[in-house]
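Reading through the structure tokens given below for one structure.
Please treat every number below as a calculation from the coordinates, not as lab data. The structure displayed is predicted, hence computed values, not measured ones. Cβ placement follows ideal geometry from the backbone for every residue including glycine, while neighbour counts extend to all protein chains displayed.
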Amino acid sequence: MGTRYANRSRFMGRTVTLEYETVGFDPPAFFACKGVNGRTTATDVMSFTPVDDTATQVHYRAQFDFPFPLHQLAPLVLRRRLDGLADETVESIRRALA
């Protein structure tokens, strides 16, 4: 808890840095972190559920909180790009856990 790190990602042709902090950690079942860039906040939550002795199901959710007025436009303007970012993140998690 409280671990801080910078995460750099490419989004819409720009490099974006969010300063993350671990806000939840209950091994081996749960991890949560919150990232901030100016007035934008991203909260990532991962939970891990054993399927059997050889597999674990990973649930991942990211929530973005944008400042006014972007928070009203984000679902319309950014939805497809945020979905693409989510797909990239899931693939990155798969590679890291393989």
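Summary of values
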| read-out | value |
| --- | --- |
| For q = 0.13, 0.18 Å⁻¹, Debye-computed log10 I/I(0) when each Cα of segment 23-68 counts as one equal scatterer | -0.38, -0.60 |
| Net +/- balance of residues flanking Ile93 in space, Cβ distance below 13 Å, scoring K and R +1, D and E -1 | -1 |
| Given charges at beta-carbon only (K, R positive; D, E negative), |dipole| of the chain in Debye | 540 |
| Counted charge near Met1, where neighbours are those whose Cβ lies closer than 12 Å (Asp, Glu -1; Lys, Arg +1) | 0 |
| Percent of Cα-Cα distances greater than 16 Å, calculated over the chain | 63 |
| Estimated vicinal HN-Hα couplings, Hz - segment 45-58 in sequence order (Karplus 6.51, -1.76, 1.60; Gly, Pro = x) | 10, 10, 10, 10, 10, x, 9, 7, 5, 10, 9, 9, 8, 10 |
| Signed unit charges on C-beta, dipole axis of the chain, positive-most listed residue Asn7, Val23, Gln72 | Gln72 |
| Under Karplus coefficients 6.51, -1.76 and 1.60, residue-wise ³J(HN,Hα) of segment 15-26 in Hz, glycine/proline x | 8, 10, 10, 10, 8, 9, 9, 6, 10, x, 7, 9 |
